[in-house]
Amino acid sequence: MDKQTVKNVVSIFLMIIVFSYALDKVVFYTLNSVSDKVFTGQSMGKLNHFFKLKDSIDLVVIGSSRANHHIDVSKISENGFNAGTDGTKLAYAATLIKTLPKNKKQTVLLHISEKTAFSEDYDGEDIISLKSKYNRNEIIRKEIDALGKANKLHHIFYSLGYNGSVLGLLKNRFFPKYNYKSYDGFDPIYITSQQEKAFQMFLSRKTTDECPHSFNINPLYEQYLEQIKSFCDANNKQLILFTAPVYEDNCKDDNREFAKILDQYNFKYLDYSNLFKENSDLANWRDATHLSHKGAEIFTTKIVEDIYLNLAP
Amino acid sequence: MLFNSFEFLLFFPLVFIGYWLLHKSYRTQNILLLIASYIFYAWWDWRFLSLIVLSSFIDFVAGSKIYKSGSPQTKKNWLYVSLFANLGSLALFKYYNFFAESFVEMASQFGWQPNNLTLSIILPVGISFYTFQTLSYTIDIYRKEFEPTKDLLSFCTYIAFFPQLVAGPIERAANLLPQIERKRTLKKEWITEGILQISIGFFRKIVIADTIASYVDTVYADIDLHNPATILLATFFYALQIYFDFSGYSDIAIGTAKLLGFKFHKNFNIPYFSKSLTEFWRKWHISLSFWLRDYLYISLGGNRKGIKITYRNLLLTMLLGGLWHGSSWNFVIWGGIHGIVLSIEKYLKTTPFASRMQPIAFLGYPITFIVVLIAWIFFRAPDFSTAIMAVIKLLSFKLETPFIGDINVLANSILVVSLGILFDIYLFKTNKTLEHFGKNFSFVKTALLCSSSIIIIVLFYSSSTNFIYFQF
């Protein structure tokens with residue numbers, strides 16, 4: 001290789017490194033400024049909305065889609081927010097809880113699932129849903145790093161935080177679907193005839209799930225539960241854990257064992273897995289683990305009753 | 001090692017620097033390439049390296065013996081040694097369980113219940129590619145179309161050369177070996193061409209193919225649950241997924257080789273812009289279709305033994321081509337559909353029908369695409385009954401609203417697919433090939449385009465999945 005070729009190779013690779021690094025920063029800061037004005041949409045908008053409200057609300061519902069679509073927060077508090085987000089689990093939820101203000105009295109209603117708790121495979125992958133805040137929020141960065149879930153290139157390419165969400169971000173910036181000021185985070189599901197058909201077909205061929213042979217709680221899950229507990233105890237938060245209803249609970253042992261474990265930690269825990277055991281009306285369901293708006297209404301009424309009657313401090 | 005892995009991001013620059021530092025001796029470069037290639041392969045499973053080494057050694061000896069031997073029978077015997085070694089390992093690792101299962105199933109139809117005959121073996125990555133490559137070497141020598149190399153190092157480097165080791169392109173010895181046995185230079189235009197082809201390859205694979213894969217996987221995991229419009233959309237997406245996945249892999253392979261001073265043949269040439277299936281096969285997985293033509297179709301007699309034998313050869317070639325992709329009857333059916341339509345096209349060409357159709361020849365584009373789409377159903381479906389269910393549902397022609405799934409994923413899919421298609425339309429309209437796309441670009445322009453691709457990849461990449469063709 002002659003000197004000129006070496007010069008060519010070095011110069012083009014240096015240019016690629018410099019250009020891509022600079023371009024990344026331009027894109028990252030541009031998207032930050034767009035993102036700061038977005039408060040609608042399931043992922044980033046809702047997260048921004050949560051960060052905007054978290055210091056002033058009295059009650060926050062956190063958890064997966066089974067929190068998001070099932071709890072009508074307005075029935076519990078006039079100053080509450082349902083921060084439930086589809087596809088997220090305890091790592092995501094625990095991180096959000098850790099960002100809550102210190103010493104402000106707040107109630108945290110956290111959805112948890114015994115299936116995830118007893119799963120050997122749970123590794124906190126859901127925390128990746130917070131990647132847009134990786135370079136912008138110290139708590140989130142530490143939590144993602146602690147789990148080793150950050151992309152190896154995220155320290156170089158900050159824009160990785162916006163991976164997969166650019167279109168949604170732009171759409172919600174310029175064409176917001178709703179007025180976020182009157183939105184409390186609850187997203188009831190209005191089922192379509194297609195979803196109804198799909199659920200009926202699913203039920204017609206459903207096989208029975210077997211109970212696990214042993215009930216060893218996932219160490220990461222347990223660690224998060226401990227961390228949440230100590231954070232809430234130290235920061236004036238009333239923490240209530242709950243499990244939303246399922247259409248058919250074939251294994252009751254795991255619920256029982258899970259409740260025992262939570263009891264050992266002195267958690268307040270409400271298990272609604274079998275709430276609809278006596279009520280098989282399909283109109284209450286979208287699928288085996290998600291209630292329709294009608295089911296969510298019944299469920300919310302029940303949880304409100306329990307919170308005020310049994311768990312009020 | 002996968003091209004789309006963090007390891008490769010470190011591996012290739014190290015190999016690149018080391019390789020060009022050793023530019024004074026191409027043999028030393030070859031030693032580095034061979035070691036790097038074996039590391040590349042061993043990253044997946046080091047135990048199967050022995051298979052490549054053994055296959056290389058057998059074919060090196062066989063090639064030499066075929067060339068040196070004076071007697072036609074000895075030549076033939078050594079060719080059989082090569083065929084037996086290569087096809088034997090392919091048969092054992094790839095097809096044994098398939099035929100054993102099929103045999104047991106067939107026997108049970110007659111009331112006979114043989115014991116389980118299957119073996120617990122895994123399919124070595126890339127076996128279908130490198131066995132075809134080694135076979136072409138000995139067959140070419142047998143046909144006196146190529147002289148064998150005397151250098152075992154060069155031959156082993158040719159077989160194991162990492163850019164094309166696990167998923168092609170299937171480079172013939174006549175093209176690659178001479179390049180391995182001479183000094184390489186890095187031409188200025190090859191730098192820009194190589195970098196741009198790699199960037200576009202990554203974009204095609206990890207942005208387009210991987211993004212649409214999630215929709216396709218969801219639908220094909222449960223065909224029964226989805227309506228015809230959804231199955232149609234998923235199949236359309238699959239056609240694009242497999243194209244962008246495999247052509248993306250080929251682009252990275254060709255671009256990587258170019259940066260090391262090697263020129264590969266192109267493997268894809270905008271195949272969905274084809275007016276006939278015959279044209280499609282000249283543009284799709286070119287290295288395989290030409291391999292099948294030269295070593296199977298022609299060996300069977302090609303079109304030299306009358307029209308009936310020609311159709312038989314065509315069908316047989318495509319059936320075996322289908323089976324090459326995987327040990328499942330679905331792949332055979334996929335090959336069969338292509339074989340039948342290719343035969344029909346061949347027949348129509350001999351009739352006045354072809355010239356009468358000339359004014360509406362443009363209809364060949366959508367018709368070819370529809371045929372390819374239907375065949376893809378068999379290629380993608382996990383089993384025969386699922387494929388049939390998908391076809392029956394599609395034939396009901398019920399146009400209901402398709403399943404949307406995650407709206408963000410679908411919107412991203414539509415955007416990235418549109419970008420990919422628009423770029424292909426641009427190549428088609430301007431009559432350019434991706435191999436030479438960056439030929440006259442300045443370094444600044446290349447660096448800017450490459451940087452933009454990197455940022456687009458960063459913003460839109462989907463979590464990496466394996467390359468589809470790795471399973472073959």
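For this structure, a couple of remarks:
- Rounded to the nearest 500, the 222 nm mean residue ellipticity of chain A from helices alone is -13000 deg cm²/dmol, with -39,500 (n - 2.57) taken per DSSP H run of at least 4 residues.
- Per-residue ellipticity at 222 nm computed for chain B from its helices equals -21500 deg cm²/dmol, with DSSP H segments shorter than 4 residues left out and the rest contributing -39,500 (n - 2.57).
- The orientation-averaged projection of the convex hull spanning the C-alpha atoms of the stretch A:25-158 amounts to 8.8 square nanometres.
- Overall form of the stretch B:189-471 per C-alpha gyration tensor (a/c, 1.5; a/b vs b/c): oblate
- Across all directions, the shadow cast by the convex hull of the stretch A:1-51 built on its C-alpha atoms averages 4.7 square nanometres.
- Theoretical gain in end-to-end length, B:Asn77 to B:Arg47 [0.36 nm per residue, Cα-Cα removed]: 7.8 nm
- Along each principal axis, Cα extent of the stretch B:331-472, largest first, Å: 54, 40, 33
- Cα-based shape type of chain A, given that a ≥ b ≥ c are square roots of the gyration tensor eigenvalues and the cut on a/c is 1.5: prolate
- Hydrodynamic radius (Kirkwood) for the stretch B:114-156, which is based on Cα pairs only, to one decimal in Å: 13.2 Å
- Only Lys, Arg, Asp and Glu carry charge here, each on its Cβ (+1 for the first two, -1 for the last two); on that basis the stretch B:189-471 has a dipole of about 1280 debye about its Cα centre.
- Whole-Å semi-axes of the stretch A:92-131's equivalent ellipsoid (Cα gyration tensor): 23, 14, 7
- In chain B, Cα pairs under 8 Å separated by at least six residues give a relative contact order of 20 percent.
- Rounded to 10°, Cα long-axis angle of helix A:293-306 versus longest principal axis of chain A: 70 degrees
- Cβ crowding within 10 Å ranks B:Trp43, B:Trp291, B:Trp20 as B:Trp43, B:Trp20, B:Trp291, fewest other Cβ atoms first.
- Rg/Rh, computed from the Cα trace of the protein assembly as shown with Rh as the Kirkwood radius, has the value 1.01.
- Distance in nm between pseudo-label sites at A:Glu297 and B:Ile404 (7 Å out along the Cβ direction from Cα): 2.3 nm
- Take every Cα pair under 8 Å whose residues are at least 6 apart in sequence, average their separation, divide by the length of the stretch B:295-376, and the relative contact order is 21 percent.
- Loop exposure criterion: GluC sites (Glu not before Pro), DSSP state outside H, G, I, E and B, at most 16 other Cβ atoms within 10 Å. Applied to chain B, the longest stretch between such sites is B:146-399.
- Relative contact order (%) - criterion: Cα under 8 Å, at least six apart; region: the stretch B:296-444: 14 percent
- Of the trypsin sites (Lys or Arg not before Pro) found in the stretch A:173-277, the ones in coil according to DSSP and having at most 13 other Cβ atoms within 10 Å of their Cβ are A:Lys177, A:Arg205, A:Lys206, A:Lys252, A:Lys277.
- Shape of the stretch B:107-258, Cα gyration tensor, a/c cut at 1.5: oblate
- The stretch A:184-233: GluC sites (Glu not before Pro) falling in loop per DSSP and having at most 16 other Cβ within 10 Å: A:Glu210
- Kirkwood hydrodynamic radius of the stretch A:207-287, from the reciprocal of the average inverse Cα-Cα distance over all distinct pairs: 14.6 Å.
- DSSP beta bridges confined to chain A are antiparallel in about 5 percent of cases.
- Degrees, to the nearest 10: A:193-204 long Cα axis against longest axis of chain A: 70 degrees
- For the stretch B:122-192 and the stretch B:60-76, distance of Cα centres in Å: 20 Å
- Å³ per residue enclosed by the Cα convex hull of chain B: 174 Å³
- Taking 7 Å steps out from each Cα toward its Cβ at B:Arg304 and B:Ile360 produces label points 4.0 nm apart.
- Calculated P(r) of the stretch A:206-245 - Cα pairs past 12 Å, %: 73 percent
- Legend note: in chain A, cysteines whose Cβ sits 4.7 Å or more from every other cysteine Cβ are A:Cys232.
- Amide hydrogen neighbours beyond the local backbone of A:Trp285, cut-off 5 Å, H modeled: A:Ser292
- Area projected by the alpha carbon convex hull of the stretch B:24-183, averaged over all directions, nm²: 11.2 nm²
- Angle in degrees between helix A:253-264 and the longest Cα principal axis of chain A, rounded to the nearest 10: 80 degrees
- Equivalent-ellipsoid semi-axes for the stretch A:19-86 (Cα gyration tensor, √(5λ), whole Å, largest first): 31, 13, 8.
- Restricting the stretch A:71-142 to GluC sites (Glu not before Pro) in coil, as DSSP defines it, with at most 14 other Cβ within 10 Å: A:Glu78, A:Glu120
Bear in mind these aren't lab numbers, they're just calculated from the coordinates by the rules spelled out. Computed from a predicted model, the values in this text were never measured in an experiment. Every residue, glycine among them, receives a Cβ derived from its backbone with ideal geometry; neighbour counts consider all protein chains shown.
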